[in-house]
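Step one of this worksheet: look at the structure below.
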Amino acid sequence: MKKKDVLFGLYDDEEILLKAVKEARQQHLDIMDVFTPFPVHGMEQALGLAESRLHIAGFVYGMIGTLTAFLGMTWIFTKDYPIIFGGKPFWSVPAFIPITFELTVLFAAIGMTVSFYIVNGQGFGVDNPTLDDRITDDKFCLAFDKSGKSQAEVDQLRDFLKRTGASEVHEKTIEKK
Amino acid sequence: MSQPVSPIREPLITGHKTYHDITEDLVSPTEKTTVSWALATMASALLLAYGVFCLIWTFWVGIGSWNVNRTIGWGYDITNFVWWIGIGHAGTLISAILLLFRQKWRTGVNRAAEAMTIFAVMCAGLFPATHTGRPWFDFFMFPYPNTRGPLWVNFNSPLLWDLFAISTYFTVSLLFWYTGLVPDLATVRDRAKGLRRKIYGFFAMGWTGSAKHWQRFESLSLILAGLATPLVLSVHTIVSFDFATSVIPGWHTTIFPPYFVAGAIFSGFAMVQTLMTITRKLLKLEDYITIAHIESMNKVILLTGWIVGTAYLTELFIAWYSGYIYEMFAFYNRVFGPYYWAYIGMMGCNVLSPNIFWIKKFRRNVTITFFMSIFVNIGMWFERYVIIVSTLARDYLPSSWSYYWPSWVEIGIYLGTFGLFFTLYLIFVKVAPVVAVAEVKAILKTAGDQYVGVEAAKKAEAAASH
């Protein structure tokens with residue numbers, strides 16, 4: 001467990017926050033993170049976040065599902081347990097389509113959801129530190145990491161938060177893994 | 001507001017809400033217990049208990065306690081299975097397809113509709129599981145390496161496809177619903193103290209609302225929606241294959257998949273209306289589930305009602321046009337046979353009654369909507385009864401013709417599923433925000449009545465002229 005000193009401003013509206021984030025990026029301030037009660041449109045561009053790769057993972061999981069179902073049924077009905085149903089060929093591809101489709105969706109959905117929680121560092125019973133209880137209600141938070149910064153730099157960040165319209169500025173020490 | 005204000009766009013959030021108001025209104029029902037809620041839950045639990053009793057009776061006495069016979073092997077249970085699974089289609093449709101179509105009105109109802117889906121699928125799953133007669137052997141249906149020789153299930157059978165479709169549908173709906181619920185559980189957590197905070201903290205999975213998490217969250221929601229869209233269409237398609245791949249006249253038709261899917265959406269939206277009209281009243285959510293939401297859903301009911309009606313008429317036409325005597329008889333039997341009353345119920349409730357929604361005044365009337373939603377669900381139940389029972393009652397051999405009427409045990413199990421459904425729904429209403437808090441906040445500035453609609457447009461105009 002590492003301790004982290006955080007300086008953060010709470011904004012009352014997502015549009016004010018978005019402007020502040022854009023300005024902070026222009027000034028090359030090192031933003032620790034932004035916390036909002038709902039997804040704010042344009043935030044990922046403003047923060048310069050790389051596109052999520054979750055969909056690529058989803059495609060891979062889906063393909064694993066497709067292959068598991070199709071190759072599994074192929075092996076079972078041509079090698080392991082060949083049996084004739086209604087005079088159809090052993091390898092009756094059209095009849096395999098529904099299950100192949102279902103397993104594609106199942107694998108992709110489970111795989112992506114599990115990946116989502118793992119990369120987020122989330123899970124049942126996980127207690128990630130939060131900066132303020134109102135962030136999940138109506139406050140929009142812009143946070144800076146204070147550690148390793150001189151008093152003058154911290155004061156500058158504090159001024160920045162106030163100037164860009166933060167209604168409150170606080171400091172908090174959180175434990176970060 | 002710098003954006004232009006459209007007077008024709010109807011607000012979806014009324015009452016000039018702020019972000020904090022939204023949290024307060026939507027989370028506070030989970031923070032207090034009312035007498036009416038407790039009474040309703042007890043009544044549902046009693047009904048559930050009776051259903052459990054009837055299930056135990058079935059297993060104790062055997063399937064002989066049901067009135068199904070050699071001719072009519074599928075009776076109440078499969079009718080109810082198809083009925084419940086149809087109801088279970090609206091949730092994922094609302095959350096997935098309407099998300100892809102960017103329909104903002106979905107945010108008011110998606111959470112409850114998804115919950116409804118999950119509970120309806122649970123009710124549905126009970127019937128085929130019971131129908132096997134020895135549910136403790138139901139695991140035989142899953143393909144797994146076993147000691148019975150290399151013995152596998154029949155992957156060519158629609159009944160097995162159904163098992164895969166429904167278990168996949170249940171799992172994906174559950175993941176979709178719970179993932180959407182996590183940020184709102186965090187909202188509940190952050191308002192709570194003591195033990196309650198710990199419990200909600202456990203289930204909120206450490207959600208912080210970080211920008212990167214929201215980005216991934218949106219990406220995940222979109223792709224799950226993309227996956228769930230074909231899935232929701234596939235599930236009832238595969239249910240219809242249970243019938244369509246058989247060689248029974250009246251079942252063996254290619255129209256079944258689209259017809260079943262439309263019927264499922266039709267009955268699913270009706271059940272959403274039934275629940276929403278009550279929920280919005282009891283939890284005072286009229287500002288979030290507005291008349292605009294109800295009207296949108298009534299439009300969907302009108303459309304799908306007509307699709308279903310067209311399918312009924314097409315079936316009749318094709319039966320005549322085919323020139324195939326057995327097919328003709330199957331449909332003659334449906335309309336004029338021993339179960340003519342079920343056919344009348346189906347046509348009346350599904351085809352005729354939704355036409356009331358051509359009139360805007362009725363579409364926007366909550367009382368009419370409530371009763372119509374019940375009618376539609378009765379009609380859709382009759383539809384399944386007509387398809388299953390009236391078809392089987394008159395098969396190829398007149399010597400084996402029969403009549404079926406459910407026993408008290410079968411009716412009891414059906415009532416029990418209502419108990420299960422409402423008990424789960426009531427518990428859900430009590431423990432989680434029934435409207436998606438974060439999603440409603442996200443559309444506030446494009447759908448709140450201080451930003452869009454006639455009133456807001458007037459204000460914007462007045463401000464501009466100054």
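The values are calculated or read from the model by the stated rules, or taken from the named source; none is laboratory data. Note that this is a predicted model, so its numbers are computed, not measured. Quick reminder, even Gly has a Cβ in these numbers, built from the backbone with ideal geometry, and neighbours come from all protein chains shown.
Given the options B:Ala115, B:Ala90, B:Ala120, B:Ala165, name the one that is within 14 Å of chain A (Cβ to nearest Cβ), under 16 Å from the mean Cα position of the chain (by Cα) and surrounded by 21 or more Cβ atoms within 10 Å (Cβ to Cβ). Criteria check complete, one pass: B:Ala165. Condition test on B:Arg197, is it surrounded by fewer than 22 Cβ atoms within 10 Å (Cβ to Cβ) and in contact with a Lys or Arg (Cβ under 8 Å, 6 or more places away or on another chain)? So B:Arg197 passes the test.
Residues in segment A:39-72 that are at the interface with another protein chain (Cβ under 9 Å from one of its Cβ atoms), in a helix (DSSP H, G or I) and not hydrophobic (A, V, I, L, M, F, W, C) were compared, and the one that is surrounded by the fewest Cβ atoms within 10 Å (Cβ to Cβ) is A:His55.
Residue check: B:Cys349 meets all listed conditions (1) in contact (Cβ under 8 Å) with a residue 40 or more places away in the chain; (2) assigned to a helix (DSSP H, G or I) but one, namely (1).
From the list A:Ile84, A:Ile174, A:Ile76, A:Ile99, pick out the single residue that is within 11 Å of another protein chain (Cβ to nearest Cβ) and in a strand (DSSP E or B). Within the list A:Ile84, A:Ile174, A:Ile76, A:Ile99, the selection yields A:Ile174.
Looking only at residues of segment A:110-169 that are of a type in the set (Lys, Arg) and within 14 Å of another protein chain (Cβ to nearest Cβ), we find that the one that is surrounded by the fewest Cβ atoms within 10 Å (Cβ to Cβ) is A:Arg134. Checked across segment B:32-43, the condition of being within 25 Å of B:Gly268 (Cβ to Cβ), modelled with pLDDT under 90, touching a Gly at 6+ places or on another chain (Cβ under 9 Å) and not β-branched (Val, Ile, Thr) holds for no residue. Filtering B:Ile63, B:Ile13, B:Ile56 for residues that are at pLDDT 90 or above and not hydroxyl-bearing (Ser, Thr, Tyr) leaves a single hit, B:Ile56.
Every condition in (1) buried (at least 20 other Cβ atoms within 10 Å of the Cβ); (2) of a type in the set (Gly, Ala, Ser); (3) free of Cβ contacts under 8 Å to residues at least 60 places away in the same chain is met by B:Ser246 except one, and the failing one is (1). Checking each residue of segment B:369-390 against the condition of being over 21 Å from the mean Cα position of the chain (by Cα) and without any contact (Cβ under 8 Å) to a residue 24 or more places away in the chain gives no match. Looking across segment B:168-192 at every residue that is under 19 Å from A:Pro37 (Cα atoms) and more than 9 Å from every other protein chain (Cβ to nearest Cβ), the one that is surrounded by the fewest Cβ atoms within 10 Å (Cβ to Cβ) is identified as B:Ala192.
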